[in-house]
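Q: Sharing a structure with you now.
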Amino acid sequence: MNLDVRLSHRYPTVEFRVADVCTDLVDALLTAALARALVTHAAALWRTGGDPEDWRVDELRAAAWRAARFGLADTLVSPLSRELQDAQVVVEQLAALLAQPLDLAGDTALVNRGVAALAARGNGAARQRSAFATTGGLAGVMADLRARTLRS
C-alpha cells in the first residue's frame with residue numbers, strides 16, 4: 001500500500017510524501033513547518049491518550065485527490081468540519097488547528113507569512129500554469145522556475 005505519511009523503516013522519523021510543485025522557498029518552508037506541526041500535534045494527542053479523528057481511507061484519498069486536482073483554486077475538505085470549504089479558509093483552519101505546535105517550534109510567523117503568500121500569489125502549480133500561459137511553452141515555465149530559484 002502506498003502511503004502519503006509513514007514511519008521510516010531506517011530512521012526514527014516520519015516520512016511525508018510532499019507535493020512536487022513547491023517551486024518557491026517560502027512554500028517549501030511552509031510545507032515543512034506544517035508537516036512538523038502535524039507530527040507534533042499527533043504525538044501529543046497520542047501521549048495524552050486522546051482519540052484522533054477517525055477518517056476512513058476513502059475519505060482521505062478523496063480529499064487528497066481534490067487537493068491534487070484543484071489545489072488552492074477551488075474548495076478543499078476542511079480538517080475540522082469535513083465539508084468542502086474555500087481553500088484559503090481550509091489552509092487557515094489547518095494553521096489554527098496547529099497553533100500550539102507551530103508556536104512551540106517557533107514557526108508561527110513563518111507559517112503566517114507562507115499562508116499570506118499563498119493567498120496573494122497562489123501556489124507553485126498556479127504559477128507554472130501562469131508562466132505556461134504567458135510564454136506559450138515549457139521553456140518559459142523553466143525560465144520562470146530558474147529565475148525564482150535564483151531569487152531565493
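The values are calculated or read from the model by the stated rules, or taken from the named source; none is laboratory data. All figures in this text were calculated on a predicted structure; none of them were measured in a lab. Neighbour counts are summed over all protein chains in view; Cβ atoms, including those assigned to glycine, are modelled from backbone coordinates with ideal geometry. Remember, those area values only see protein heavy atoms, side chains included, never the ligands or the DNA or RNA. Shrake-Rupley method; radii C 1.70, N 1.55, O 1.52, S 1.80 Å.
Residue-wise test of (1) closer than 17 Å to ASN123 by Cβ; (2) in contact with an Asp or Glu (Cβ under 9 Å, 6 or more places away or on another chain).
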position	(1), (2)
THR13	no, no
ARG17	yes, yes
THR23	yes, yes
ASP27	yes, no
ALA33	yes, yes
THR40	no, no
PRO52	no, no
GLU83	no, no
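Q: Okay, next question. I'm told GLU92 meets every condition in (1) closer than 22 Å to THR13 by Cα; (2) open to solvent by 80 Å² or more (accessible area, probe 1.4 Å) except one. Can you identify the failing condition by its number?
A: (1)
Q: Look at the range 75-90 and say how many of its residues are among the acidic types (Asp, Glu) and more than 17 Å from ARG61 (Cα to Cα). Quick ask: steps written out before the conclusion?
A: To start, the set of residues in the range 75-90 that are among the acidic types (Asp, Glu) comprises 83, 86.
Next, from what is left, pick out any that are more than 17 Å from ARG61 (Cα to Cα): 86.
Looking only at that region, the number is 1.
Q: Still on this structure: Just for the range 126-152: of the residues that are of a type in the set (S, T, N, Q) and in contact with a helix residue (DSSP H, G or I) (Cβ under 8 Å, 6 or more places away or on another chain), which one is modelled with the lowest pLDDT? Steps first, please.
A: Step one: of the range 126-152, the residues of a type in the set (S, T, N, Q) are 128, 130, 134-135, 149, 152.
Still in the running and in contact with a helix residue (DSSP H, G or I) (Cβ under 8 Å, 6 or more places away or on another chain): 128, 134-135, 152.
Values: GLN128: 87, THR134: 94, THR135: 94, SER152: 69.
Only one residue fits best here, namely SER152.
Q: Taking ARG127 as the residue in question, decide whether it is touching a residue at least 60 places away in the same chain (Cβ under 8 Å), closer than 21 Å to ALA28 by Cβ and of a type in the set (D, E, K, R).
A: Spelling it out, ARG127 is indeed touching a residue at least 60 places away in the same chain (Cβ under 8 Å), closer than 21 Å to ALA28 by Cβ and of a type in the set (D, E, K, R).
Q: What is the one condition in (1) open to solvent by less than 60 Å² (accessible area, probe 1.4 Å); (2) within 30 Å of ARG129 (Cα to Cα); (3) modelled with pLDDT of 90 or more; (4) hydrophobic (A, V, I, L, M, F, W, C) that VAL39 does not satisfy?
A: (2)
Q: Which one is modelled with the lowest pLDDT, of the residues in the range 8-35 that are surrounded by fewer than 11 Cβ atoms within 10 Å (Cβ to Cβ) and not basic (Lys, Arg)?
A: Among those residues, the one meeting the criterion is ASP20.
Q: Now a separate question. Which pairs have Cβ atoms under 8 Å, sit 6 or more apart or on different chains, and link a residue in the range 81-97 that is modelled with pLDDT of 90 or more to one that is open to solvent by 70 Å² or more (accessible area, probe 1.4 Å)?
A: Partner pairs satisfying both residue conditions: ALA87/ALA73; GLN93/LEU80; ALA95/ASN112; LEU97/LEU80.
Q: Considering the range 63-87 alone, what residues qualify as being farther than 20 Å from ARG129 by Cβ and of a type in the set (S, T, N, Q)?
A: Selection gives SER78, SER81, GLN85.
Q: Which condition number does SER130 fail, the rest of (1) within 18 Å of CYS22 (Cβ to Cβ); (2) in contact with a Lys or Arg (Cβ under 9 Å, 6 or more places away or on another chain); (3) hydroxyl-bearing (Ser, Thr, Tyr) being met?
A: Failing condition for SER130: (2).
Q: Which pairs turn up if I take residues in the range 101-124 that are closer than 12 Å to ALA33 by Cα and look for partners that are of a type in the set (Ser, Thr, Tyr) and in a helix (DSSP H, G or I) with beta carbon separation below 9 Å, at least 6 apart in sequence or on another chain?
A: Between residues of the range 101-124 that are closer than 12 Å to ALA33 by Cα and residues that are of a type in the set (Ser, Thr, Tyr) and in a helix (DSSP H, G or I), the close pairs are PRO101/THR40; LEU102/THR40; LEU102/THR108; LEU104/THR40; ALA105/THR40; GLY114/THR31.
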